[in-house]
1. R0 = 25 Å: FRET efficiency of residue 42 with residue 64, Cβ-based, nearest 0.05?
2. Mind checking which lysines have their Cα closer than 16 Å to the Cα of residue 312? Skip sequence neighbours fewer than 8 apart in that chain.
3. How high is the FRET efficiency between residue 78 and residue 186 when r is their beta carbon distance and R₀ equals 60 Å, given to the nearest 0.05?
4. Return the distance in nm (one decimal) between the two label points of a simple spin-label model at residue 265 and residue 401, each offset 7 Å from Cα along Cα→Cβ.
5. Using the Kirkwood radius over C-alpha pairs as Rh, can you work out the diffusion coefficient of region 73-201 via Stokes-Einstein at 10 °C, viscosity 1.306 mPa s, in µm² per second?
6. Rank these residues by their accessible area, most exposed first, probe 1.4 Å: 313, 28.
7. Do any GluC sites (Glu not before Pro) in region 340-434 lie in a loop, going by DSSP, with at most 11 other beta-carbon atoms within 10 Å of their beta carbon, and if so which?
8. Tell me, what is the per residue accessible area of the chain in Å², probe radius 1.4 Å?
Amino acid sequence: MGADAGVAGYGGGGIVVEDKRNLDPEDWQDFASEAHALLDQAIARMAAAGEGPVWRPLPAEMQAGLQAGLPTRGAGQAAVAEQLAALLPYGVGNTHPRFFGWVHGSGGAASLLAEIAAAAMNANLGGRDHGAIYVEKQVVAWVRQMLGFPEGASGLVVSGTSMATIVALKVARDARIAARAAGVGAHRLVGYASTEAHNCVARAFDMLGLGADALRAVPVNAAFEMDLGALGEMVATDRAAGREPFLLVGTAGSVNVGAFDDLAALADIAAAEGLWLHVDGAFGAAGVLSEVLRPRLKGIERADSVAFDFHKWLHVNYDAGFVLLRDAALHLAAFEGAPDYLASCERGLAAGRPWPVDYGPELSRGFRALKIWAQITALGTGALGAAISRNCAQALALAEMVDAEPSLERLAPVASSVVVFAHVDGDAVTEDIVLRLQESGLAVPSLTTVNGRRAVRVNITNHRTRDADLRVLVDGVTAAIKRGFSG
Ligand SMILES: *Cc1c(COP(=O)(O)O)cnc(C)c1O
């Protein structure tokens, strides 16, 4: 019988309530001292972000420890605290001042505090009328102001730009065809993004039933910006073939080389052609806070939707993305539809519609908005923008150092935070440089391909990077070449 015994007991007239424990710690005082100790270790780890290797693989014995069987008996909070502390040094490395791989933010102290408060509240931000919802509304209002959008614009905190893109493109799709109930059917919708656009756009086309092939790859010019002449021709060709152009995607900060499409020109074209303008500003949109980058973002305030991340150049801890829609009514029309159990009321906890669930695919949602709110409140847009400007200056300085090395060749102009270069002896040498650097723990650039050549890709979206770190990187590159190829 086992677990059924209580039910049988109930049926027999005797309710057995012998166990008054819940799942909380047995002794909150003990828990408090364990928690304070872990907090000290976590803060020490953040304060020493620049010490030690940038990246180190998880040791074999710790990997083995994470392959244990499913525990039936708990080990207790003290044991958990110990294992959490042990894990602290084994992140991606993006908190280190010499992390330059892919596009990662470096995070910060405000997120640590906010995550503690969020954990204590355990709020569900799918909807309803409670404190956390007002924090997210504040974040939405700040984003509107940051990007120069009108009062009627709506927004949603999401996991990242990939999810933000799905939400934005669904609104764009549903604004054009009635697909919510009927499905996309034999639609002939097509959209346009440059060859440098992030593949989250093609993935969104795939997931929304439009098909990734319906996203046209528009060639770029020598600065890796969308070729507007080519765009015009492709739109005309598609129309002549009976297809229906509906979407234009501008990239503000391309992942490969950091280029910015001419957003003002794209806004003009979108208006003339009747296309929805979506901007992928995953890291670049944050540039509106920087004196240096703001001019490159002119036109973003005319977009129909923008997807961007707080976890990249705004250094909120992972994960924190955002989608902004110009027209709240279209946004609602793409996601609204409450079943009985989610009906709202004029008063009480179920008041305050529309709720976040009316603006996106997720019902249960955590309190990501709190760490965003905390970061902006603690630092202000001035300091966040200045850190972006400093990274742009560092990218230019690094480009000069690379240009001064005869064995290295730069593969693209520096548009923002990214410097790409190759070794003159070819792809294999270039790849080896990057892998050696990563494995040495000295610095972490990543690899990409630019105009068909393998490239060392250094992206500086890192508020902890100092100019001296760039020298260490360049010296590391030249040392890797010597160690690897001349003895
Ligand atoms: C990082 C990035 C994305 C994807 O964003 P996630 O937050 O990782 O989902 C999309 N576009 C660009 C340009 C990016 O740099």
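The values are calculated or read from the model by the stated rules, or taken from the named source; none is laboratory data. Since the model is a prediction, treat every value here as computed from it, not as a measurement. Using ideal geometry, Cβ is built from the backbone for each residue, glycine included, and neighbour counts are taken over all protein chains shown. SASA here: full protein model, heavy atoms, side chains in, ligands and nucleic acids out. Shrake-Rupley method; radii C 1.70, N 1.55, O 1.52, S 1.80 Å.
1. Approximately 0.55, to the nearest 0.05.
2. 371
3. According to the calculation, E is roughly 0.45.
4. 3.3 nm
5. 81 µm²/s
6. The ordering from most to least exposed comes out as 28, 313.
7. 346
8. I get 47 Å² per residue for this part.
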